[in-house]
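Chemist: Here it is, the structure, as structure tokens.
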Amino acid sequence: MSEIHGFAVHAAGAHLLPYKFNPGEIQESEVEIKVSHCGICYSDVHLIDNDWGISKYPFIPGHEIVGTVVEVGSGVKSLSVGERVGVGWQADSCGICEWCREGEEHLCPQSQPTCVGRNGGFADRVRVNWRFAIPLPRVLESENAAPLLCAGITVYAPLRNYGVRPSSRVGVIGIGGLGHLGIQFARAFGAEVTAFSTSKEKEIEAKELGAHHFVHTRDTGALKKVAGSFDFLLSTVNADQDWISYVNALRPNGVLCLVGAPPSGMQLQVPALIGGQRAVAGSSTGSPKDLYEMLDVAARHNVRAITESFAMAKANDAVLKVKKNQVRYRAVLAN
Ligand code: NAP
Ligand code: ZN
């Protein structure tokens, strides 16, 4: 077995350093993938910095992976060497619990994230359970498809699960890696879409991506002006916000769904929830079956990540640019 070479973090907040490890004999259910591209999700930054207290060092980050299968375990039924596949947040699950049996593997209590307790895609190769290596539609370019594997599924699944449709008024909060795909998918669902952003300079691009309206959230009173306007608000922001105003921006029966992880708790006014029957919810990535569906929708509705390409060896520069919110709209490392 040859060694896998990548870039690993050895302590919270540290720089990525060249790192190699021996993956051992390939297991029955595993595939080994030669990585061509890997997106940088803000969750990689949270893991690098141990924001969630779950990071296990040293580890190689990266969970928006596209590559080619180079080896398959003896129990792998449906993938073969040479096939192009994508891998997202999840690399394995128990396969037998009620959630796995229902095709909701992302809710499995024994779910294994691709780069927590394992090594991810900032590397030349990666190993995952074959069930989490998803063949990619031919029309999707590898660099633009990589961000779909985490950012894409994370915004697609809640839009679908909460029944977004042509009559829906949808707001996407935070126009970064997740948000710029959120606008495109919300349009594919036929909704009227509003982009909420702290970056005024993103207005033109947000509208080119499909947003009908743009709210610059740094404008005083901007959120008050849209009170009672939305059926579904999807927040991709990783910072604390004026959540009370966002709840007030919902119409009756509206849902504020959080996929971005703000550091503090949330202050809510319960009467605002009860009165209009509004809800606040969370959503976590998606299952393999959701990934198949999302990739098919992306291929047929021309949903593409806008990417900035970096050589794998420049991973530190790319991570820094992500931290500074300077990437338009997803940094992708290429081998
Ligand atoms: P990203 O590319 O950095 O985008 C986040 C966007 O949030 C920024 O582009 C910015 O948009 C906005 N923002 C940043 N700082 C802000 C602040 N202080 N106040 C208001 N808005 C701010 O990050 P990402 O990769 O999209 O990830 C976003 C979040 O989703 C992260 O917390 C990540 O961990 C989480 N995530 C969750 C899941 C899940 O399964 N639930 C999956 C993937 C990622 P504007 O410039 O437009 O304001
Ligand atoms: Zn992610």
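Chemist: Taking the residues in the stretch 112-157 that are in a strand (DSSP E or B) and in contact with a Ser or Thr (Cβ under 8 Å, 6 or more places away or on another chain) as candidates, determine which candidate is nearest to ligand 1 (Cβ to nearest atom).
Modeler: Pass one, the stretch 112-157, residues in a strand (DSSP E or B): 112-113, 123, 125-129, 134-135.
In the following step, the residues that additionally are in contact with a Ser or Thr (Cβ under 8 Å, 6 or more places away or on another chain) were identified as 112, 126, 128-129.
Details: 112: 15, 126: 18, 128: 17, 129: 19 Å.
Filtering the stretch 112-157 for residues that are in a strand (DSSP E or B) and in contact with a Ser or Thr (Cβ under 8 Å, 6 or more places away or on another chain), the one nearest to ligand 1 (Cβ to nearest atom) comes out as 112.
Chemist: List the strands (runs of 3 or more DSSP E) inside the stretch 1-64, counting only whole elements, that have at least 2 residues being open to solvent by less than 50 Å² (accessible area, probe 1.4 Å).
Modeler: 4-8, 30-39
Chemist: Only one residue in 149, 140 is more than 23 Å from residue 197 (Cα to Cα), in contact with an Asp or Glu (Cβ under 7 Å, 6 or more places away or on another chain), in contact (Cβ under 8 Å) with a residue 24 or more places away in the chain and surrounded by 20 or more Cβ atoms within 10 Å (Cβ to Cβ). Which one? Please lay out each step first, then the result.
Modeler: Values: 140 fails: in contact with an Asp or Glu (Cβ under 7 Å, 6 or more places away or on another chain).
Going through 149, 140 in turn, just one is more than 23 Å from residue 197 (Cα to Cα), in contact with an Asp or Glu (Cβ under 7 Å, 6 or more places away or on another chain), in contact (Cβ under 8 Å) with a residue 24 or more places away in the chain and surrounded by 20 or more Cβ atoms within 10 Å (Cβ to Cβ): 149.
Chemist: Scan the stretch 272-293 for residues that are at pLDDT 95 or above, more than 26 Å from residue 113 (Cα to Cα) and surrounded by fewer than 15 Cβ atoms within 10 Å (Cβ to Cβ) and report the count.
Modeler: Adding up the residues that qualify gives 3.
Chemist: How many residues does the stretch 69-111 contain that are part of a helix (DSSP H, G or I) and touching a Cys at 6+ places or on another chain (Cβ under 6 Å)?
Modeler: Of the stretch 69-111, the ones part of a helix (DSSP H, G or I) are 98-101, 105-107.
So of that shortlist, the ones also touching a Cys at 6+ places or on another chain (Cβ under 6 Å) come out as 99-100.
Count: 2.
Chemist: Could I ask something else about it? Among what's in the stretch 163-209 and is surrounded by 19 or more Cβ atoms within 10 Å (Cβ to Cβ) and assigned to a loop (DSSP other than H, G, I, E, B), pick the residue that is farthest from ligand 1 (Cβ to nearest atom).
Modeler: 168
Chemist: I need a count of the residues in the stretch 222-238 that are open to solvent by 20 Å² or more (accessible area, probe 1.4 Å), out of contact with any His (no Cβ under 9 Å at 6 or more places or on another chain) and either modelled with pLDDT under 95 or not in a loop (DSSP other than H, G, I, E, B) (or both).
Modeler: 4
Chemist: Since residue 109 meets every condition but one in (1) in contact (Cβ under 8 Å) with a residue 60 or more places away in the chain; (2) open to solvent by 10 Å² or more (accessible area, probe 1.4 Å); (3) away from ligand 1 (no atom under 13 Å from the Cβ), which condition does it not meet?
Modeler: (1)
Chemist: Please specify each residue of the stretch 46-71 satisfying the condition of being among the aliphatic types (A, V, I, L, M) and in contact with a Lys or Arg (Cβ under 6 Å, 6 or more places away or on another chain).
Modeler: Correct list: 70 only.
Chemist: All but one of (1) under 18 Å from residue 157 (Cβ atoms); (2) of a type in the set (A, V, I, L, M); (3) touching a residue at least 40 places away in the same chain (Cβ under 8 Å) hold for residue 258; which doesn't?
Modeler: (3)
Chemist: Something else now. Provide a single number: the residues in the stretch 310-324 that are farther than 20 Å from residue 176 by Cα and open to solvent by 60 Å² or more (accessible area, probe 1.4 Å).
Modeler: From the stretch 310-324, those farther than 20 Å from residue 176 by Cα are 311-314; that's our starting set.
Now drop any that are not open to solvent by 60 Å² or more (accessible area, probe 1.4 Å), which leaves 313-314.
Selection size over the stretch 310-324: 2.
The values are calculated or read from the model by the stated rules, or taken from the named source; none is laboratory data. No experiment lies behind these values; they were computed from the predicted model shown. Ideal geometry is used to build each Cβ from the backbone, glycine not excepted, and the neighbour counts take in all protein chains shown. Just so you know, the surface numbers come from the protein's heavy atoms only, side chains and all, with ligands and any DNA or RNA stripped out. Shrake-Rupley method; radii C 1.70, N 1.55, O 1.52, S 1.80 Å.
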